[in-house]
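Remarks on the structure that follows.
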Amino acid sequence: MLEFISYLVNGISLGSVYAIIALGYTMVYGIAKMLNFAHGDVIMVGGFVVFSTMSGMGLPPVISVLISIVVCTALGMLIERIAYKPLRKASKLAVLITAIGVSYFLQNVALLIYGSNTKSFTSVVSIDPISLADGAVIISGETIVTIIACIVIMAGLTSFIKYSKSGRAMLAVSEDSGAAQLMGVNVNATIALTFAIGSGLAAVAGVLLCSSYPALTPYTGAMPGIKAFVAAVFGGIGSIPGAFVGGILLGVIEILGKAYISAQLADAIVFAVLVIVLLVKPTGLLGKQIQEKV
Amino acid sequence: MALLEVKELGISFGGLRAVDDFHLTIEEGQLYGLIGPNGAGKTTVFNLLTGVYKPTDGYILLDGENITGKKTIEINQHGIARTFQNIRLFGDLTVRDNVKAGLHNHYKYSALTGILRLPKYYKVEKEMDERAMELLKVFDLDKEADYKASNLPYGKQRKLEIARALATDPKLLLLDEPAAGMNPNETQELMNTIRFVRDEFHMTILLIEHDMKLVSGICEQLTVLNFGQILTEGETSVVLNDPKVITAYLGE
Amino acid sequence: MKMKALSKNTRSNLITYGMVVTAYVVMEILLKAGMVSSLLRGLLVPLCMYVILAVSLNLVVGISGELSLGHAGFMCVGAFSSALFSLCMKEAVPAGALRFFLAILIGAAAGALFGFLIGVPVLRLRGDYLAIVTLAFGEIIKNVVNIIFLGRDVNGFHISIEDAFSLNMEPGGEVLINGPQGITGTPQDSSFFIGIVLILITLFVVINMVNSRTGRAIMAIRDNRIAAESVGINVTKYKLLAFTVSASLAGVAGVLYAHNLSTLAAQPKNFGYNMSIMILVFVVLGGIGNIRGSIIAAVVLTLLPEMLRSLNDYRMLMYAVVLIATMIFTSSPGGQAFRERYSLKALIGRKNQEKEA
């Protein structure tokens, strides 16, 4: 039982990281209707920025993380401006392929700068672990920080979208960008803002992920990126609470699957759950059903 | 026996009763009109008749056969074909292939025959081509047979949709606002075409239309829908002069 | 008019076949003349494999209009089933050609079977949901293959998902599939010639299918599902048919792959989603629905990183830049305007105008 609890906590922690990444995926999908395959690689960039500034330049962790967020935010907006904006009206596939190109690009730039060797990432968290039930369950500082960060981000983002003008503009654009434009919403600025927020969150996710799993390579972001995408779809793509729920569930399923079923099959189990959920509910757990008008 | 007999047909979307207690009897060879203000539920009736929506109540008999709740493709095979309010062509296919797609269930060969190019492939394809060109000629589209359907001008797209529907060899043809977006000349030409189709193909036609000139010009019988319910029905000239109908269209 | 259209179509297809045959003849001449680097020689069979994969994926993405990101999974199925067959039949059927022929049939059948089984549930989904679920299935296949241990001894076959020891084989038993290490000792039956023959067969199947009643139905569904249903076309049946045929051909590509290497193991690199995405890139860059384009894109994009080898570490970066630039150039309004203004046709047209003036 105690063992189960500690797996569960680890699962929620990993799930929190997925949720934060999935938020970026889902926001971009909701607004630009595109699958941003490069999103996972922004995580990796976030990780490397912290690695460079903290381990390389000796800056304090908080400063490193802030720099990383700024860099990723700028990177996200830059990617949107250069690669995606010209394709606003192009076919979905064209945008998808471009996103894949951006993903390759980021990976290979990182490869050129840092090489393919695994870098050992120093955790940015310096909180002591909490030990429960006489040490039978130990919750690491990283876990605590990750879960708290996820909750804070979730709450912050929800209220931002609900109460701020830009947030409501995002909702309007995701509902109907043409109509939003006619009502005076600056669609381009709103899309740029979405990428900025999503990429900033990716930086946070990157730092948290690397703090818990301290191996950093140019490909670090790819698989979590895909998993977060799965989480977003799982929860219902385009839905912010969906990304949260999907992310947490995915993390829990992955860790429990690894612990109780098979370590090699953990990924397969995650994907199998996605398949089953979508077959039962084709728009994900919290996704909206859109009926085609005849 | 009537060709189409609909009784007590109804459908609810959530709490909304889109169509309620709808009935309709169409005799073979009739040109029947379904009219009513926007949002009255006319297209919903078409969607119920063609199986796009499953009715919550009532039944639909086509030629004495119960087709209530059947799938769209089954209903088409039973003999109902339709056009759409917002034209739905196979945009990237040629005009000819649009019609040939309509012939799909009448000229058959297996996928393997097609891949291996067995003699039957050539024979059936040739028959299909001939039949398709015949239909296109009726609608004066034969010269555009090799155009991409999406490149046709609007009026011709509407005609191609009718040709494609006829290719499925239906007993009953449903036309959803065939004159929408047409100028008076085009509408006049369309009226002639519809009459021609009825006479030449011995077709029974049910159409939705807002253009009163077309309705009064070709429809023999009318049913008027308002807020999902039948307001009135009967002979065209009588119905169109009914004060209730005029009020429904123009408001109080 | 009709005859002209027919011949135009046929001519285009003949050009496609001719292109493949010409490429083969030229390559053979260069090979005989010893003018081909060993690097390129090693790429010949993979090139054929990529072409088959791209053409077959185009059937789903271009002709059927469904975004599939799990093509590598079907290739994986074809590779493992056929490699296992060849390994088991090494003694029973010593004739390489016959054994390989049967292996190809097995790979195609296995691909088709999985395509069908996965297609039934998956094709109910639409758009991006379908994409992610196909990706998921591809990953599941790769993961599951990695935990299979299969051995054979005097008592017959033993299977386990733990490790090779749990097979509990009699002494002298042989491990056929060794989990993550996969299959070792597959006869290397693949050759450039067979690769080309398989490309031609793939083309034959795909082109003839597209230009038939079946293809028309598939494309009608792609263009407008609701209208296709309204004229009595069975949407599920034809989507599934396209998906299954495509998966079957991917299985054939897997056979080619498996019999080109002595060791076959399922890794993210060869059977992961990255491979599926790479094939999708071929299809999109070659032009959605354009079969000949798929072939050219598969060849060019496979050779491109190799040709850029002198750039060393920068080559994949260049590849990424080329990819992004191509998409912006071909699909953005600015790029399209540029192309219209400076295309060969426009330039010639302008010259003629100047002449006339």
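Observations
Table: residues versus (1) touching a Leu at 6+ places or on another chain (Cβ under 8 Å); (2) in a loop (DSSP other than H, G, I, E, B); (3) touching a residue at least 40 places away in the same chain (Cβ under 8 Å).
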site	(1), (2), (3)
B:Ile11	yes, no, yes
B:Phe22	yes, no, yes
B:Ala40	yes, yes, yes
B:Leu48	yes, no, no
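- Some residue of the stretch C:269-278 being within 30 Å of C:Pro180 (Cα to Cα), exposed (fewer than 13 other Cβ atoms within 10 Å of the Cβ) and modelled with pLDDT of 85 or more: yes
- Inter-residue pairs, beta-carbon under 7 Å, first more than 13 Å from C:Ile221 (Cα to Cα) and in the stretch B:90-117, second of a type in the set (Lys, Arg), 6+ apart: B:Thr94/B:Lys148; B:Val99/B:Arg164; B:Lys100/C:Arg216; B:Leu103/B:Arg131; B:Tyr109/B:Lys120; B:Tyr109/C:Arg213; B:Thr113/B:Lys120; B:Gly114/C:Arg213
- Residue, nearest to A:Thr220 (Cα to Cα), within the stretch A:7-59, restricted to residues that are out of contact with any helix residue (DSSP H, G or I) (no Cβ under 7 Å at 6 or more places or on another chain) and of a type in the set (S, T, N, Q): A:Ser52
- Meets criteria (in contact with a strand residue (DSSP E or B) (Cβ under 9 Å, 6 or more places away or on another chain), buried (at least 18 other Cβ atoms within 10 Å of the Cβ), more than 16 Å from C:Asn224 (Cα to Cα) and not aliphatic (A, V, I, L, M)) for B:Gly29: no
- Considered as a group, the residues in the stretch B:200-252 that are of a type in the set (Gly, Ala, Ser) and more than 21 Å from the chain's Cα centre (by Cα) include one that is surrounded by the most Cβ atoms within 10 Å (Cβ to Cβ), and that residue is B:Ala248.
- Selection from the stretch C:15-44 of residues that are of a type in the set (S, T, N, Q), assigned to a helix (DSSP H, G or I) and surrounded by fewer than 13 Cβ atoms within 10 Å (Cβ to Cβ): C:Thr22, C:Ser38
- A single member of A:Ser120, A:Ser159, A:Ser116, A:Ser131 is polar (S, T, N, Q) and at pLDDT 90 or above, and it is A:Ser159.
- Every condition in (1) outside any strand (DSSP E or B); (2) more than 14 Å from chain B (Cβ to nearest Cβ) is met by C:Val175 except one, and the failing one is (1).
- A:Ile191 touching a helix residue (DSSP H, G or I) at 6+ places or on another chain (Cβ under 9 Å), at pLDDT 90 or above, within 14 Å of chain C (Cβ to nearest Cβ) and farther than 27 Å from A:Val252 by Cβ: no
- Extreme residue, nearest to the other protein chains (Cβ to nearest Cβ), among residues of the stretch C:207-227 that are buried (at least 21 other Cβ atoms within 10 Å of the Cβ) and β-branched (Val, Ile, Thr): C:Thr214
- Of the set (1) within 19 Å of the chain's Cα centre (by Cα); (2) touching a residue at least 12 places away in the same chain (Cβ under 8 Å); (3) assigned to a helix (DSSP H, G or I), all apply to B:Gln188 but (2).
- Among (1) over 22 Å from the mean Cα position of the chain (by Cα); (2) at negative phi, the one test that A:Ala133 misses: (2)
- Residue within the stretch A:163-177 that is modelled with pLDDT under 90 and exposed (fewer than 12 other Cβ atoms within 10 Å of the Cβ) present: yes
- All positions within the stretch C:254-286 that are more than 14 Å from every other protein chain (Cβ to nearest Cβ) and touching an Asp or Glu at 6+ places or on another chain (Cβ under 7 Å): C:His259
- Of the residues in the stretch C:287-294, at least one is away from chain A (no Cβ under 14 Å), in a helix (DSSP H, G or I) and modelled with pLDDT of 90 or more.
- Residue that is farthest from A:Leu75 (Cα to Cα) [pool: residues in the stretch A:1-53 that are part of a loop (DSSP other than H, G, I, E, B) and within 14 Å of chain C (Cβ to nearest Cβ)]: A:Lys33
- Flag for C:Ala136 being over 23 Å from C:Ile279 (Cβ atoms) and either out of contact with any strand residue (DSSP E or B) (no Cβ under 6 Å at 6 or more places or on another chain) or at pLDDT 95 or above (or both): no
- The stretch B:141-180, residues that are assigned to a helix (DSSP H, G or I), surrounded by fewer than 17 Cβ atoms within 10 Å (Cβ to Cβ) and of a type in the set (Lys, Arg): B:Lys143
- The number of residues in the stretch B:90-122 that are in a loop (DSSP other than H, G, I, E, B) and at the interface with chain C (Cβ under 7 Å from one of its Cβ atoms) comes to 8.
- The listed residue being touching a Leu at 6+ places or on another chain (Cβ under 9 Å) and not in a helix (DSSP H, G or I), out of C:Ser56, C:Ser68, C:Ser86: C:Ser68
- Selection within the stretch A:208-242 - away from chain C (no Cβ under 14 Å), aliphatic (A, V, I, L, M) and part of a helix (DSSP H, G or I): A:Leu208, A:Leu209, A:Ile240
- Some residue of the stretch C:71-82 being at negative phi, without any contact (Cβ under 8 Å) to a residue 24 or more places away in the chain, surrounded by fewer than 24 Cβ atoms within 10 Å (Cβ to Cβ) and part of a helix (DSSP H, G or I): no
- Within the stretch C:125-152, considering residues that are in a helix (DSSP H, G or I) and not hydrophobic (A, V, I, L, M, F, W, C), the one surrounded by the fewest Cβ atoms within 10 Å (Cβ to Cβ): C:Gly127
- The stretch C:136-156 - residue that is more than 14 Å from chain A (Cβ to nearest Cβ) and free of Cβ contacts under 8 Å to residues at least 24 places away in the same chain and, of those, nearest to A:Ala272 (Cα to Cα): C:Gly156
- Condition check for A:Ile113: within 14 Å of another protein chain (Cβ to nearest Cβ), surrounded by fewer than 24 Cβ atoms within 10 Å (Cβ to Cβ) and part of a helix (DSSP H, G or I): yes
- Members of the stretch B:74-89 found to be in a helix (DSSP H, G or I) and either more than 7 Å from chain C (Cβ to nearest Cβ) or buried (at least 22 other Cβ atoms within 10 Å of the Cβ) (or both), listed by number: B:Glu74, B:Ile75, B:Asn76, B:His78
- Selection status of B:Thr94, β-branched (Val, Ile, Thr) and touching a Pro at 6+ places or on another chain (Cβ under 7 Å): no
The values are calculated or read from the model by the stated rules, or taken from the named source; none is laboratory data. Everything quoted here is computed from the prediction, not taken from an experiment. Here Cβ is always computed from backbone atoms with ideal geometry, including for glycine, and neighbour counts include all displayed protein chains.
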